[in-house]
Each structure stands twice: as structure tokens, then as C-alpha cells.
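Inspection log for the structure reproduced underneath, given as C-alpha cells.
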Amino acid sequence: MALERTLAIIKPDAMQAQRAGAILGRIEQEGFRVLGLRRLELSLQQAQGFYHVHRERPFFASLTAFMSSGPVIVMALEAEDAIARWRAVIGPTDPAKASDGTIRKLHGTSVERNAVHGSDAPETSAREIGYFFSGIELGLTA
């Protein structure tokens, strides 16, 4: 397995429900290395920029409104096979379809309010991490 990086976001619903500590603890428990971490509040424009690949989808407006509705925590995580491992830990987008013990099963309430985000591919991960973190912040400079 190769060392990879992935972006994780603790979404506004989990922040409001005070689940960030439990989710951060789970990240450490699962062996991910946190390279960068930032709490912020996305503007609607920033949320639209992040989710621009979904701009033609019917859920785009509600998703970006939700993601700009309160604070989030964005993280760059690193581990062997990080993308697939993180997606296994969080479970499918719909918490009702998630396996017991996954983050979305434990902390999500709907397809949109599913507590966390995870990159789905290496290209996506690189773009998403770059949206929130510069190389110097992640120790990627010589």
C-alpha cells in the first residue's frame, strides 16, 4: 500500500452537535496522521467553489447553503491507502445505508447532513487539499 493524503471535513451538523472531538479521536484511533487542521466558516461563495464539480446537480444549492451554515473543520490526513481507508471509516453518503460503527452511521442524520466529507480519488484529494492548505502548511517544501 502507498502512503496517500486525503481531505476530511467535519461538517456543520457534526460541529453543531458537538461531535468534532469524537470524530477527531476516531481519526487518531484509526492511525491517520493529521498534516493540517483548520476550523473555519465557509462563505457561500467558498462552498460553491469547493463543490463546483457538482454545480449542475439538483442538490448543489442546498449542499452549498448547508456547508456555509456554520463552522467546519478541514483536515489533510495521511496514511497508507488513506483515501480508501478514510472512506471505509466514514461509510456511505447515506447514514441509513452505513455499517454500524462508521462515522456517518454514528453521527450523520441524512444524505446531506452526514457529519463528514472524504475525498473519493487521488486527483480529487489533491485538488481538495490544495483548496484549503498550501504546500508550506503541510511541510511540502524543501
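Taking the range 111-135 as the search range and keeping residues that are hydroxyl-bearing (Ser, Thr, Tyr) and touching a helix residue (DSSP H, G or I) at 6+ places or on another chain (Cβ under 7 Å), which one is farthest from residue 78 (Cα to Cα)?
For the range 111-135, the residue satisfying everything is 131.
Can you name the condition, by its number, that residue 133 falls short on among (1) buried (at least 19 other Cβ atoms within 10 Å of the Cβ); (2) modelled with pLDDT of 95 or more?
(2)
Taking the options 81, 100, name whichever one is of a type outside the set (A, V, I, L, M, F, W, C), out of contact with any Phe, Trp or Tyr (no Cβ under 9 Å at 6 or more places or on another chain) and without any contact (Cβ under 8 Å) to a residue 40 or more places away in the chain.
Going through 81, 100 in turn, the sole match is 100.
Run down 108, 118 and say which single residue is under 13 Å from residue 8 (Cβ atoms) and modelled with pLDDT of 95 or more.
118
For the list (1) surrounded by 13 or more Cβ atoms within 10 Å (Cβ to Cβ); (2) over 24 Å from residue 29 (Cα atoms); (3) more than 15 Å from the chain's Cα centre (by Cα), I need the number of the one condition that residue 58 fails.
(1)
Suppose we keep only residues that are part of a helix (DSSP H, G or I) and touching a Gly at 6+ places or on another chain (Cβ under 8 Å) within the range 70-88. Which one would you say is surrounded by the most Cβ atoms within 10 Å (Cβ to Cβ)?
Looking at the filtered set, the residue picked out is 86.
Select from the range 13-39 the residues that are more than 13 Å from the chain's Cα centre (by Cα) and in a strand (DSSP E or B) and write down the one among them that is nearest to residue 101 (Cα to Cα).
Here the residue is 33.
Got a sec? Which of 7, 42 is assigned to a loop (DSSP other than H, G, I, E, B) and out of contact with any Lys or Arg (no Cβ under 6 Å at 6 or more places or on another chain)?
Testing whether each residue is assigned to a loop (DSSP other than H, G, I, E, B) and out of contact with any Lys or Arg (no Cβ under 6 Å at 6 or more places or on another chain) leaves just 42.
Kindly establish whether residue 77 is under 14 Å from the mean Cα position of the chain (by Cα), within 14 Å of residue 13 (Cα to Cα) and not β-branched (Val, Ile, Thr).
No; evaluated as a whole, the condition is false for this residue.
The values are calculated or read from the model by the stated rules, or taken from the named source; none is laboratory data. Quantities reported herein were computed from a predicted structural model and do not represent experimental measurements. Positions of Cβ are generated from backbone atoms using ideal geometry, with glycine treated the same way; all protein chains shown enter the neighbour counts.
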